[in-house]
Amino acid sequence: MKTKSLLIILFFIVFSHTKAQDILKTSHGKINIHPIGHASFVLTYDDKTIFIDPQGALKKYSGFPSPDLILLTDIHGDHLDIELLDLLNTSKAQFIVPQAVADKMPKKHKNQLVILKNGQLVYRLDFTINAIAMYNLPESVDTFHPKGRGNGYILTIDDRTIYISGDTEDIIEMRSLRNIDLAFICMNLPYTMDIHQAASAVLEFKPSIVYPYHYRGKNKQFLDVEKFKKIVESKDEDIEVRLRNWYPEK
């Protein structure tokens with residue numbers, strides 16, 4: 001019995017510690033971070049809920065309040081899931097989108113759209129949202145992600161700054177970032193970048209916390225995020241890399 005009790009206690013300690021790590025404290029509260037899958041996650045702060053690139057099964061979002069903000073980065077189906085958006089309660093949501101995404105949105109959402117170009121900034125619900133470039137290198141109109149079509153985002157909540165890379169390589173706009181508290185960094189081939197490009201960029205702009213995400217590539221090949229973590233943390237102990245299961249179905 002004692003052994004069983006100790007195992008139960010250990011389970012709850014480990015589970016609670018893992019869940020507790022998925023927060024970012026601010027001067028007035030905390031941002032809760034909820035990885036959903038691939039490029040999709042949810043942020044909650046105070047009484048506000050933010051969906052980033054919601055995609056997949058409706059049940060993944062059943063435990064969350066209806067979104068106040070929805071950030072969409074690009075037109076590809078792993079970022080823009082019209083079918084899911086039709087199922088979600090988005091009646092109070094404002095959509096932050098690039099023009100290419102706006103062009104594909106159903107008419108019923110047109111009055112909810114806030115369209116940003118790379119470099120533009122908007123203030124909504126006490127949050128600042130800055131659209132940042134995301135694109136492939138070398139630059140070309142026939143790449144998977146040409147410059148100017150999609151948006152990465154810098155989201156400021158209270159006194160914390162969150163970078164959402166979207167689908168990009170290790171571009172100068174990423175490498176030039178400073179004072180980022182939390183970064184979501186994509187890495188999948190051949191669509192974005194490999195772990196060495198991602199690590200090199202992260203080590204240059206030095207976010208406090210990094211979540212590698214969007215790491216399933218062609219033919220469902222998964223990049224080695226464990227190796228990414230080792231590269232980054234061995235070269236800069238001040239950067240915390242948080243690994244989460246973004247692909248529970250695999």
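Please treat every number below as a calculation from the coordinates, not as lab data. Note that the coordinates shown come from a computational prediction; the quantities given were computed from them, not determined experimentally. Backbone-built Cβ (ideal geometry, glycine too); neighbour counts: all protein chains shown.
By DSSP, the beta bridges lying fully in the range 23-241 are antiparallel in about 60 percent of cases. Measuring against 26 Å, Cα to Cα, the residue pairs Lys92/Lys206; Lys48/Lys230; Lys60/Lys220; Lys30/Lys92; Lys59/Lys92; Lys60/Lys227 contain Lys92/Lys206; Lys48/Lys230; Lys60/Lys227 as the ones spanning a longer distance.
Ordering of 99-108, 84-93, 67-76, 155-164 by packing is 67-76, 155-164, 84-93, 99-108, highest average first (other Cβ atoms within 10 Å, averaged per residue).
The candidate values were [x] 1.21; [y] 1.01; [z] 0.95; the one computed from these coordinates for Cα Rg over 2.2 N^0.38 Å carries the label [y].
Each helix, a run of at least 4 DSSP H residues, gives -39500 (n - 2.57); summed and divided by the residues of the chain, these come to -6500 deg cm²/dmol at 222 nm. Between the amide H of Thr49 and those of Asp68, Leu69, distances stay under 5 Å, these residues lying 5 or more places away or on another chain, with hydrogens modeled in the peptide plane.
Cross-link partners for Lys108 among the aspartates and glutamates, with Cα-Cα distance under 14 Å and sequence neighbours closer than 8 places in the same chain left out: Glu83, Asp86. Using only the Cα atoms of the range 72-189, build the gyration tensor, take square roots of its eigenvalues as a ≥ b ≥ c, and label the shape rounded, prolate or oblate: rounded if a/c is under 1.5, else prolate if a/b is larger than b/c, else oblate. The shape class here is oblate. Taking the Cα centre of the chain as reference, the dipole from Cβ charges on Lys and Arg (+1) and Asp and Glu (-1) amounts to some 680 debye.
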